Amino acid sequence: MRRTRDWWSDTRRTLTEYVGSYWGRVRGGDIGSLPAITGLIVLCGVFSVLRPVFFSARNFANLTTQGAAVTLIAMGLVFVLLTNEIDLSAGFASGVCAAVLAIALTTFGLPWYVAVLAALVTGAAIGLALGVLVAKVKIPSFVVTLAAFLAFQGVVLMLLKEGTNISIRDHVVVSINNGYVPPLVGWGLAVLTVAGFAAAQLWQRRGRQSQGLEAEPLALVLLRVGGLAVLLGAAVFVLNLERSRNAVITSLKGMPYAVPLVAILLIVGTFVLRRTAFGRHLYAVGGNREAALRAGINVDRVKILAFVICSTMAAAGGIVAASEARSVDPNTGGSNVLLYAVGSAVIGGTSLFGGKGRVVNAVIGGTVVAVIINGMGLLGLSSGVKYVVTGSVLLLAAGVDALSRRRATATGNR
């Protein structure tokens with residue numbers, strides 16, 4: 001009994017110290033995704049009170065599909081933003097890749113996997129061209145990608161013969177953002193995700209201990225794993241509820257396929273940034289380019305690869321957007337797609353000044369943007385109000401980023 005009491009006292013003391021350390025970092029300017037998460041909780045609370053249908057199973061499923069394409073594009077933008085560059089062409093680049101997908105499926109009658117590969121290769125080629133112009137020719141990324149933003153609109157029009165709408169009927173492609181994972185498989189994926197996350201957390205903790213470094217308290221790791229398990233369990237439970245108005249004719253159960261797709265790419269992107277030399281080089285280049293050069297980092301190659309990843313993710317976003325709409329037209333990837341994608345990355349906590357951000361920031365920010373648009377739509381507000389509110393949130397996020405960076409510099413946490 002005494003041993004249990006001593007363990008609990010030590011655990012409580014360690015957790016208190018860790019919370020104090022975290023709060024010290026926040027006060028020092030290292031706020032991460034805290035504002036976005038706080039805002040997300042507040043928004044969900046407000047919309048659920050004003051429109052109780054906001055938390056219905058049907059609307060929850062709509063949220064996951066509506067924000068998938070923008071979130072994927074934002075995840076790619078994180079890599080470019082980390083290098084202190086910008087890609088203004090990501091939206092229409094996704095439209096070009098979606099057009100390539102549609103033409104490959106309809107005009108040439110290629111199998112879905114060949115068409116998807118063609119779209120992804122097109123995205124990688126676009127990123128390579130942009131990256132070379134920025135890194136090797138030394139044209140500012142703002143100018144290069146603004147020119148590409150304008151040019152890609154023309155490319156989409158030419159591919160679609162000045163405005164043709166191409167319908168997509170391939171079952172696999174359409175199912176990407178319109179199909180659903182069977183409920184049992186959804187539970188299995190949730191269990192695997194929690195188990196994998198727990199293993200990764202414990203492995204990281206053990207690795208730090210073996211190297212004599214300070215490790216997170218075990219209780220904190222268990223709380224983090226437990227929190228993920230509760231969130232995933234609640235999400236899968238809601239998504240597995242019947243959403244069809246007439247279940248006898250058509251049954252709508254399970255999470256959309258877009259959810260595990262985003263989750264897989266999130267895991268891969270996080271691994272690249274946190275566990276590879278390339279990821280460390282991205283942070284170094286964005287944090288201090290001159291110091292990165294002196295350290296022997298090939299800055300040009302890092303920037304080129306960042307643009308390749310960004311445009312490839314834009315291609316993935318274009319594929320998901322085409323799947324959701326079941327067609328491709330000149331507006332695919334246009335309109336406010338780029339603004340929402342950049343906004344998602346920045347709102348989630350990725351810095352516009354480079355060197356600070358994570359792939360999960362794009363997912364959190366994309367969720368915030370999707371909640372704002374969805375919630376205001378349920379309230380019947382006009383498009384003008386939606387734009388004003390979303391723009392204000394983006395401005396607020398950029399302001400918080402600037403202030404936190406200034407605070408971090410002043411306190412020596414930069």
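The values are calculated or read from the model by the stated rules, or taken from the named source; none is laboratory data. Note that the structure is predicted; figures quoted are calculated from it, not measured. Ideal geometry is used to build each Cβ from the backbone, glycine not excepted, and the neighbour counts take in all protein chains shown.
What the table below lists for this structure:
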| read-out | value |
| --- | --- |
| Subset of region 260-275 that is of a type outside the set (A, V, I, L, M) and more than 15 Å from ILE309 (Cα to Cα) - its residue that is surrounded by the most Cβ atoms within 10 Å (Cβ to Cβ) | PRO260 |
| Residue match in region 250-259 (condition: farther than 15 Å from LEU63 by Cα, surrounded by 14 or more Cβ atoms within 10 Å (Cβ to Cβ) and without any contact (Cβ under 8 Å) to a residue 60 or more places away in the chain) | no |
| Scan of region 315-339 for residues that are under 20 Å from ALA397 (Cβ atoms), out of contact with any Leu (no Cβ under 9 Å at 6 or more places or on another chain) and crowded, with 23+ Cβ neighbours inside 10 Å, ordered by number | VAL337 |
| Unique residue being in contact (Cβ under 8 Å) with a residue 40 or more places away in the chain, closer than 30 Å to TYR113 by Cβ and charged (D, E, K, R) when the list is ARG407, ARG358, ARG326 | ARG326 |
| Enumeration of residues in region 180-218 that are among the small types (Gly, Ala, Ser), modelled with pLDDT of 90 or more and surrounded by 12 or more Cβ atoms within 10 Å (Cβ to Cβ) | GLY186, GLY188, ALA190, ALA195, ALA198 |
| Check on THR350, surrounded by 24 or more Cβ atoms within 10 Å (Cβ to Cβ), touching a residue at least 40 places away in the same chain (Cβ under 8 Å) and among the β-branched types (Val, Ile, Thr) | yes |
| Lone qualifier among GLY154, GLY76, GLY91 - being over 21 Å from the mean Cα position of the chain (by Cα), at negative phi and in a helix (DSSP H, G or I) | GLY154 |
| Looking only at region 312-349, and only at residues there that are hydroxyl-bearing (Ser, Thr, Tyr) and within 14 Å of the chain's Cα centre (by Cα), the one that is nearest to PHE152 (Cα to Cα) | THR312 |
| Which listed residue, of LEU133, LEU117, LEU105, LEU146, is surrounded by fewer than 23 Cβ atoms within 10 Å (Cβ to Cβ), in a helix (DSSP H, G or I) and in contact with a helix residue (DSSP H, G or I) (Cβ under 7 Å, 6 or more places away or on another chain) | LEU133 |
| Residue within region 292-311 that is closer than 23 Å to VAL259 by Cβ, under 14 Å from the mean Cα position of the chain (by Cα) and of a type outside the set (Asp, Glu) present | yes |
| PRO52, sole failed condition from (1) touching a residue at least 12 places away in the same chain (Cβ under 8 Å); (2) out of contact with any Leu (no Cβ under 9 Å at 6 or more places or on another chain) | (1) |
| Any hit, region 223-230, residues being farther than 30 Å from ARG289 by Cα and at pLDDT below 90 | yes |
| Unique residue being among the polar types (S, T, N, Q) and buried (at least 17 other Cβ atoms within 10 Å of the Cβ) when the list is SER344, SER392 | SER344 |
| Single unsatisfied condition, GLY127 versus (1) more than 23 Å from VAL346 (Cα to Cα); (2) in a helix (DSSP H, G or I) | (1) |
| Members of region 120-130 that are surrounded by 17 or more Cβ atoms within 10 Å (Cβ to Cβ) and touching a Phe, Trp or Tyr at 6+ places or on another chain (Cβ under 9 Å) | ILE126, GLY127, LEU130 |
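Conditions (1) charged (D, E, K, R); (2) out of contact with any helix residue (DSSP H, G or I) (no Cβ under 8 Å at 6 or more places or on another chain); (3) within 29 Å of VAL285 (Cα to Cα), marked per residue:
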| residue | (1), (2), (3) |
| --- | --- |
| ALA198 | no, no, no |
| TRP203 | no, yes, yes |
| GLU214 | yes, no, yes |
| VAL238 | no, no, no |
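Table: residues versus (1) touching a His at 6+ places or on another chain (Cβ under 7 Å); (2) surrounded by 19 or more Cβ atoms within 10 Å (Cβ to Cβ); (3) in a helix (DSSP H, G or I); (4) modelled with pLDDT under 90.
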site: ARG3; (1), (2), (3), (4): no, no, yes, yes
site: ASP6; (1), (2), (3), (4): no, no, yes, yes
site: ASP10; (1), (2), (3), (4): no, no, yes, yes
site: VAL46; (1), (2), (3), (4): no, no, yes, yes
site: ARG58; (1), (2), (3), (4): no, no, yes, yes
site: THR71; (1), (2), (3), (4): no, yes, yes, no
site: ASP87; (1), (2), (3), (4): no, yes, no, no
site: VAL96; (1), (2), (3), (4): no, yes, yes, no
site: ALA99; (1), (2), (3), (4): no, yes, yes, no
